[in-house]
Structure formats: C-alpha cells, structure tokens
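Enquirer: Got a structure here, written out as structure tokens. Questions coming.
The values are calculated or read from the model by the stated rules, or taken from the named source; none is laboratory data. Nothing here was measured: the structure is a model prediction, and the numbers come from that model. Ideal geometry is used to build each Cβ from the backbone, glycine not excepted, and the neighbour counts take in all protein chains shown. Note: areas computed on protein heavy atoms with side chains; ligands, DNA, RNA excluded. Shrake-Rupley method; radii C 1.70, N 1.55, O 1.52, S 1.80 Å.
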Amino acid sequence: MQQVAENIYRLGSAHHNFFMLTEGGKATVVDAGCSKEFTKLEQLLASLGMKRDDVEGILLTHAHADHIGFAAEAHAKGIEVRASEPEQPIAVGEVTGHAVTVPEMPLYRLGTWRFLIGLLRVGITKAPRVPEVVTFSDGETLDLPGRPQVVYTPGHTVGHASFYVAASETLFSGDALVTMDLFSQEPGPQVMPDMFHTDPALARESLARLEELDTALVLPGHGDPFAGSVGDAVAAARR
C-alpha cells in the first residue's frame, strides 16, 4: 500500500495497480486488481479504521483479469460494482472480450516473465465475472466519495473508462495511458502495445479526451503515478 496523495491510496503489485480514495469516512475503489487481492483492500481499510461497509462502490476501468479480479468476491460481500454501459456485458460474462494469450507475448524477453509471474502470484486467471454490475455513462459525475467523473476512453477495450476527480485534479487512467512497459518495465507515459487493445487506433485517439483535463496527478493501471499535467503525459506517450 502507498499513499499517493491526500486520501488516495495505491494497491496492487510492481506490475499493476488499483486504488482507493476516501472522503468523509467512506471510500471509492478504482479497479479490483487480481483475484487474490481482496485482502489487500481489507487490510488498507482496517489500517484507516474503516470497514468493508464503508466502501460505497468499485469502479471498473475495464473487465480485464488484472482489473476485475476480486470484483465478484466484493459483490458477494455486499459491495456494489460499476462499469461502463459498453463494458457491462463483458463484466457479467454475456460477451467475451478481447484478451492476449501467453503464447502471443514476447516470451524471449525476461521482463515478460517477470510480468506474468508477478500477476500469477496475486491470482491472475481467466477474467472472473461479476453476477451484477451497475452501469454508468460517459460524462456522468458519480454520487460516490470523490465524485469521480466518467471519461470514456475506448480502444483498449470496447468500454474502457477513465475517472477524473476534479477536487484533487486526479485522473485514474486505467490502461488508456500507462507509465510502464509490461515487457521491459521501462518507465514513462506510454500506450500499451497494440496486441493488448481491441482497437489500437481508437486507443490512441482516446488520448485526446484525456489531454483536455486539468490534472496534477495521473494514476495508471500499470506503472508509477505521474505528477503533472495529463497533457504532458499524453505528449510523451505520443512521442
């Protein structure tokens, strides 16, 4: 666990992130890590003197296995799970989303094995499905702690969404914009390799929706936080 800003906490591993933000003794969780990581969330809550019931919702940027991992377990324990309208059929298992298989990855690179082994340790498997998902729409400001605004950033998946918290000028960018190469672990703002995207061209186009936002902190699904303007991060990713 790492506190990355006032009332914002980073969880996960060296290879992936999920986050919790708090306000008024309640919490919003962004993404659900891998399947064995619900205990990390419970430990963070306990360390802050909070309970499971204080989590008012889990927001999924998308339904890949390293982002939806413990969502079904959380739902079974009474926590509401939300996803975008286009992503909802994937999250509940009605539709199979795009996914990269291990043989498609550059297995000749040591960094690829570090990435895979790191996620296997925390329970990455075929993406688990959630029995029920509440949907949100593009541009909607959610009635959750932090009042995150939904910014659709499709391309990585059909319904990928990022979340902007205006009060703290924070963007949760999911996998639309990351700060670590999964195969080399090279740091810096970047777009994931094309193989990971449902629509690589659309994934790059979606960056334009992010660079309009006024941010002081960008929190990606993979890699370290980026302190500064998302416009600068997008410019670096395009280079």
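Enquirer: For the stretch 99-154, just the Cα set please: Rg and Dmax, both in angstrom.
Expert: My reading of the Cα-based Rg and Dmax gives 17.1, 46 Å.
Enquirer: Here's something else I'd like to know. Once you have a ≥ b ≥ c as the square roots of the Cα gyration tensor eigenvalues for the stretch 84-239, tell me rounded if a/c is under 1.5, and otherwise prolate or oblate according to whether a/b is larger than b/c.
Expert: oblate
Enquirer: With the Cα gyration tensor of the stretch 8-83 in hand, give its eigenvalues times 5 under a square root as the equivalent ellipsoid semi-axes, listed largest first in whole angstrom.
Expert: Over the Cα atoms of the stretch 8-83, the semi-axes work out to 17, 13, 11 Å.
Enquirer: Put 30, 92 in order of accessible area, largest first, 1.4 Å probe: what do you get?
Expert: Heavy-atom accessible area, descending, gives 92, 30.
Enquirer: If you don't mind, another one. Give the percent of DSSP beta bridges with both residues in the stretch 14-83 that are antiparallel, rounded to the nearest 5.
Expert: 45 percent
Enquirer: Also: Of the listed peptides 109-120, 216-227, what is their order by residue-averaged count of other C-beta atoms within 10 Å, with the highest listed first?
Expert: Those peptides, ordered most packed to least, come out 216-227, 109-120.
Enquirer: Applying the Karplus parametrisation 6.51 cos²θ - 1.76 cosθ + 1.60 with θ = phi - 60° to the phi angles of the stretch 56-62, what ³J(HN,Hα) value in whole Hz is obtained for each residue in order, glycine and proline being reported as x?
Expert: Karplus-based 3J(HN,Hα) across the stretch 56-62 equals 8, x, 10, 9, 9, 5, 6 Hz.
Enquirer: Now for a separate question. Using just the helices of the chain, give the 222 nm mean residue ellipticity in deg cm²/dmol: DSSP H runs with n ≥ 4 each add -39,500 (n - 2.57), and the total is spread over all residues, rounded to 500.
Expert: -6000 deg cm²/dmol
Enquirer: What accessible area per residue, rounded to a whole number of Å², is obtained for the stretch 71-182 using a probe radius of 1.4 Å?
Expert: In whole numbers, the stretch 71-182 has 44 Å² accessible per residue.
Enquirer: Quote the accessible area belonging to residue 137 in square angstrom, nearest 10, computed with a 1.4 Å probe and with ligands, DNA and RNA left uncounted.
Expert: For residue 137, solvent-accessible area is about 40 Å².
Enquirer: Rounded to the nearest 5, what % of DSSP beta bridges with both residues in the stretch 7-144 are antiparallel?
Expert: 55 percent
Enquirer: On a 1.4 Å probe surface of the protein chains, which of 95, 122, 230 comes out largest in accessible area, and what is the full order?
Expert: Descending accessible area places them as 95, 122, 230.
Enquirer: Now for a separate question. Considering only DSSP beta bridges with both partners in the chain, what is the antiparallel share in %, to the nearest 5?
Expert: 65 percent
Enquirer: What residue among 154, 141, 230 has its Cα farthest toward the positive end of the dipole of the stretch 116-238, where the charges are +1 on Lys, Arg and -1 on Asp, Glu, each on the Cβ?
Expert: 154
Enquirer: Additional query: At 0.36 nm per residue, and after removing the present C-alpha to C-alpha distance, how many nm does the segment from residue 235 to residue 143 gain when stretched out fully?
Expert: 30.0 nm
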